[in-house]
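Enquirer: Quick one: the structure is below, and I'll ask about it shortly.
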Amino acid sequence: MREFGKYVIFLGSLFVRREKFKTYYQLVLDESIQIGVKSTFLFVLVATFMGAVTTVQTAFNLVSPLIPKFVISQVVRDMSIYELAPTIMAVIFAGKVGSSMAGGIGTMKITEQIDALEVMGINSSSYLVLPKIIASLLMFPLLVVIAGVCAIFGGYLAGTLTGIVTPTEYIQGIRSSFDPYTIQFALIKSVVFAFIISSVSCFKGYNTRGGALEVGVASTEAVTTSVITLLLSNYFLAELLLNE
């Protein structure tokens, strides 16, 4: 509970003695490139293969001849939108971006760069952390959308090239019984996950003490804490938003 209290106080410190909007605008753009653009290839690659594997495994388990083939793409669609795109990609996001945030801020902490910012009258937590959180909230939902599209497309490639389903059957399954609320649900999850990963990672990095070894420890703790927290929040969001 003490650690959670420090985390809440840390979040509150982001909104005092803020810099001018122009300063944050440029910082958010820079962070968006680091967080979003440079993660796109990894997300596309992982999502495409996850969709392909989901198609093959679903077809393998579809043993009854009474079940039409288009159900395969229905399963791929729902799995991609509900879990693969937002949740699995959030774990990858925590490992790639979250550890980088914690390591970068932790290095600045132990080399006293953060202390130098404070001496200059700059709120270091707001200046360093707030742009990262805003950029994560902007870019991660876009990455989730890209991942969802790539997963469904990867399933299409795997299904049609191997003869598991025909292109017509796959498109039929994608369009059959589609609920637009699933897109809203995935985007809500992506925003929550982006905030959790970015804020927890920056908090761990900002509170680093010691030397280079402690920076590595902070990066590891940032990833593990973020993943555990987002998995718990994933369950509660499902209960809250899907349980009628």
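The values are calculated or read from the model by the stated rules, or taken from the named source; none is laboratory data. Since the model is a prediction, treat every value here as computed from it, not as a measurement. Here the Cβ positions follow ideal geometry from the backbone for every residue, glycine too, while neighbour counts run over all protein chains shown.
Enquirer: What's the number of the only condition in (1) surrounded by 24 or more Cβ atoms within 10 Å (Cβ to Cβ); (2) modelled with pLDDT of 90 or more that Val129 fails to meet?
Expert: Of everything listed in (1) surrounded by 24 or more Cβ atoms within 10 Å (Cβ to Cβ); (2) modelled with pLDDT of 90 or more, Val129 misses just condition (2).
Enquirer: What is the one condition in (1) modelled with pLDDT under 90; (2) part of a helix (DSSP H, G or I); (3) among the polar types (S, T, N, Q); (4) farther than 24 Å from Leu130 by Cβ that Ser64 does not satisfy?
Expert: So Ser64 meets the others, but not (2).
Enquirer: Only one of Leu143, Leu117, Leu138, Leu84 is under 13 Å from the mean Cα position of the chain (by Cα), surrounded by fewer than 21 Cβ atoms within 10 Å (Cβ to Cβ) and in a helix (DSSP H, G or I); which?
Expert: Just one listed residue meets the conditions, Leu138.
Enquirer: Moving on to the next point. For the stretch 166-244, give me every one of the helices (runs of 4 or more DSSP H) that falls completely inside it and has 1 or more residues that are aromatic (Phe, Trp, Tyr), out of contact with any strand residue (DSSP E or B) (no Cβ under 7 Å at 6 or more places or on another chain) and at pLDDT 90 or above. Steps first, answer last, please.
Expert: On the way: elements: 167-175, 181-206, 212-242.
Qualifying helices (runs of 4 or more DSSP H): 181-206, 212-242.
Enquirer: Right, here's the next one. Report whether or not Leu157 is of a type outside the set (Val, Ile, Thr) and farther than 30 Å from Leu29 by Cα.
Expert: yes
Enquirer: State which residue is nearest to Ser198 (Cα to Cα) when the search covers only the stretch 1-48 and only residues that are among the acidic types (Asp, Glu) and in a helix (DSSP H, G or I).
Expert: Just the residues of the stretch 1-48 that are among the acidic types (Asp, Glu), to begin with: 3, 19, 30-31.
Add one more test, that the residue is in a helix (DSSP H, G or I), and what stays is 3, 30-31.
On the way: Glu3: 17, Asp30: 15, Glu31: 11 Å.
Applying the filter and picking the extreme gives Glu31.
Enquirer: What are the residue pairs meeting all of these: first residue in the stretch 11-25, first residue closer than 19 Å to Met120 by Cβ, second residue assigned to a loop (DSSP other than H, G, I, E, B), Cβ atoms under 6 Å, and 6 or more apart or on different chains?
Expert: Arg17/Asn123
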